[in-house]
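The values are calculated or read from the model by the stated rules, or taken from the named source; none is laboratory data. Keep in mind that this is a model prediction, so the values were computed, not measured. All Cβ positions, glycine included, derive from the backbone under ideal geometry; neighbour counts span all protein chains shown.
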Amino acid sequence: MLRPAMLSRRRTLVAGLALAPFAGCRARGVAKPPAADAFACYGPDGSSTTLARFARDCRDRDVVAFGELHEHAVARSAELELLTNMLGQPRPVALALEFFERDTQPALDDYIAGRIDEAEFRRVTARTDAYDRQHRALVEACKRAGAPVIAANAPRRLVTAYRKQDLPYPGWLATLDETDRALMPATTDPPHDEHERRFMALMGAKRGPAFWKSMALWNDAMADSIARFREGHAEHRVLFVVGAFHVAARLGTVTQYLRRRPDDRVSVATMIEGSLAFGEGDRDEGDLVIKVP
């Protein structure tokens, strides 16, 4: 998981949160400077489309990944519209969130099932005020619908511990107690691919190699969490909300997920910051490309 200060390169990383109404994708002609909630939607080849059409096209998909800009005004409302559309379709839906670590899964399950109230849920999962303007609306929509919510990420404390030591992953995993070991993927296999090249370019020659195994482990952990759920709930589709860098161009977490479940059908929506016009560099960054200022 990349921190906001590190996410300036490919326009697929950070910005800020608000629950403004999201009424489909707007026309590309906007005043300058554009409003914070202006956007335009495209297919992977640059053809104009809408979020509603993307939701319809994803009816037969097993996983739909929404790569957000963490602090952009469009993200929350776009995600909520997509989730609402998916919940209204016949096939059941689960929501997977990067922003909850695996050890919070029992509290998420209890909250969705009504066994604990929101105050207790927020206390146990350490939600801050930022949660209200970020992903609370998604969790509440799932609670109303009785839809599962998956705590997708590995605990940061364990990922940091792994990064700071030199053991191979299986050896390090063996040093953990049974409880912590269950919170981590059984394997992590950092790919040498375009995702790695993008990460190294973003982080630089000094920091890139030091942090790459953390990034790869986060991707593997999230892929593993969703794959585990799908193994036990084949009837469910999963809407996976995550930072755009993790899934842009169907790389990162998507690559690691398809290694685990190669027959699953996956679609990706990617938010890209910059001009609202579609550029050549935006091609194939997602099955849906959402351009935002």
Of all residues making up region 95-124, the number that are part of a helix (DSSP H, G or I), over 20 Å from His233 (Cα atoms) and of a type in the set (Lys, Arg): 2
Residue list for region 169-193, filter: acidic (Asp, Glu), at pLDDT 95 or above and exposed (fewer than 14 other Cβ atoms within 10 Å of the Cβ): Asp177, Glu178, Asp193
Glu79 vs. criteria surrounded by fewer than 23 Cβ atoms within 10 Å (Cβ to Cβ), closer than 23 Å to Ser275 by Cβ and under 14 Å from the mean Cα position of the chain (by Cα): no
Residues being under 21 Å from Gly274 (Cα atoms) and assigned to a helix (DSSP H, G or I) - total across region 40-68: 1
Single unsatisfied condition, Tyr162 versus (1) surrounded by 16 or more Cβ atoms within 10 Å (Cβ to Cβ); (2) of a type in the set (Ser, Thr, Tyr); (3) assigned to a loop (DSSP other than H, G, I, E, B): (3)
Residue within region 194-203 that is assigned to a helix (DSSP H, G or I), under 18 Å from the mean Cα position of the chain (by Cα), modelled with pLDDT of 95 or more and under 30 Å from Ala147 (Cα atoms) present: no
Options Asp263, Asp284: the member that is free of Cβ contacts under 8 Å to residues at least 60 places away in the same chain and either buried (at least 24 other Cβ atoms within 10 Å of the Cβ) or part of a loop (DSSP other than H, G, I, E, B) (or both): Asp263
Of all residues in region 171-193 being among the polar types (S, T, N, Q) and assigned to a loop (DSSP other than H, G, I, E, B), the one that is farthest from Val63 (Cα to Cα): Thr175
